[in-house]
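Below: the structure, in structure tokens.
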Amino acid sequence: MNSVSYSKFSYRDSEGIKVKRVSIRFLILFCSLFLITASPVGAETASYTVQPGDTLWDIASRFFHDPWLWPNLWKNNPHITNPHLVFPGCRLRLSIEKEAPKQEFEPSVPPLSISRIETRPAEPPGKPPAETFTYLGMNTLGFISKEKLEERGTIQALPMFKELLSQGDVVYLTNDRELLQQGSTWTICRAPDVVYHPLTRERIGYYYLPLGKLEIIKAGNPATGQIISSHQAISVDDQIMSSEEMPIQIPLKCPSGPIAATIIKSEPLAEKIAQDHIVYLDKGKKDGLKAGVCLEVFKTKEVAGTQQILSLGNILVLQTQEETSAALVIRSKEPFSIGEKVRTENP
């Protein structure tokens, strides 16, 4: 072959590998189309609702035909604080590209020689699963029960010279019905507080806060127990309840329908609630609320004579009872308070 033409041809390189060359016109046309697809020329606002299993990598691949544009998608959606954690039902702003003007190229452009093409991996390393949320504090979550729960035993005495207990300490417990058998493990809870609705003042139920776990090392009345773990101070009159390990992986879910609820309590109890606080809601299983659902905290504000909704942050439901639920504040635009409203995110 003495001259280079613009038709497709092939040759063998120095290693004897047969490599295809493509015409410069085809290559330039291909690159132009790629740039039109991957780079916004003039952005029009469109939206997409995140589905279970979606990641920014997948969404960028689907809509922009290039998964490596996921950082651009994240940048254009500032309400996403963690790019590896997108919740089903969340609305994303997409960039739809307008058609770019056609460009004329001089026929004298020399052909490009491509002997090797480097390919990118199928997905970035360390891409985390997007279908679950990990919360290591599941076994420290309190809950609100509509009725008082039956006591299994109460700490009635501490070792001498001790006022507060922690891991490894020995305690003595009431065991009137001899339910506390040697080798059994129990959860230690603070004596319950009554919870009232902050707006209606109606009694909601009794709040139980886990403090740690203990093992019965000697049966009898009183029984002797040893604290095997503690995450808060333990003292006389704290109660014990059945011990149940809670899974730390929470599957993310779409809400089954519109949810409107009120924050009725926080942990820790605080005048201003912010990110990483636990809040409790006046809605639960019977209202269709499930663990793994993301909700928006909001308030209404009058602007120029009209009521406008101001988003304050987002919470993720971690655990549900029949009529109440516990949630983690995963995003706080500004501090908020007990009594604020929450809802499914506005589509």
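The values are calculated or read from the model by the stated rules, or taken from the named source; none is laboratory data. The shown structure was predicted, so the numbers you read here are calculated from the model rather than taken from an experiment. We place every Cβ from the backbone using ideal geometry, glycine too, and count neighbours over all the protein chains shown.
So here's what we get for this one:
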| quantity | calculated |
| --- | --- |
| Residue that is surrounded by the most Cβ atoms within 10 Å (Cβ to Cβ) [pool: residues in segment 213-249 that are out of contact with any helix residue (DSSP H, G or I) (no Cβ under 7 Å at 6 or more places or on another chain) and of a type in the set (Asp, Glu)] | ASP238 |
| Qualifying residue in segment 222-242 (condition: closer than 13 Å to GLN319 by Cα, touching a residue at least 12 places away in the same chain (Cβ under 8 Å) and outside the structural domain of ILE80 (by TED's automatic domain parsing)) | no |
| Within segment 134-199, strands (runs of 3 or more DSSP E) holding 1 or more residues that are in contact (Cβ under 8 Å) with a residue 12 or more places away in the chain, touching a Ser or Thr at 6+ places or on another chain (Cβ under 7 Å) and of a type outside the set (D, E, K, R) | 143-145, 153-157, 170-173, 185-189 |
| Complete set of residues in segment 46-69 that are of a type in the set (A, V, I, L, M, F, W, C), assigned to a helix (DSSP H, G or I), more than 10 Å from LEU94 (Cβ to Cβ) and at pLDDT 80 or above | LEU56, TRP57, LEU69 |
| Count of segment 321-331 residues which are surrounded by fewer than 23 Cβ atoms within 10 Å (Cβ to Cβ) and either within 10 Å of LYS290 (Cα to Cα) or touching a helix residue (DSSP H, G or I) at 6+ places or on another chain (Cβ under 9 Å) (or both) | 3 |
| Residue match in segment 133-150 (condition: within 30 Å of VAL279 (Cα to Cα), at pLDDT below 80 and not assigned by TED's automatic domain parsing to the domain that holds GLN321) | no |
| First in segment 75-97 and at negative phi and assigned to a loop (DSSP other than H, G, I, E, B), second anywhere and at pLDDT below 75 and among the acidic types (Asp, Glu), Cβ under 8 Å, 6 or more apart | CYS90/GLU345 |
| Condition met for GLY292 (touching a strand residue (DSSP E or B) at 6+ places or on another chain (Cβ under 9 Å), within 19 Å of PRO88 (Cα to Cα) and either outside the structural domain of THR49 (by TED's automatic domain parsing) or at pLDDT below 95 (or both)) | yes |
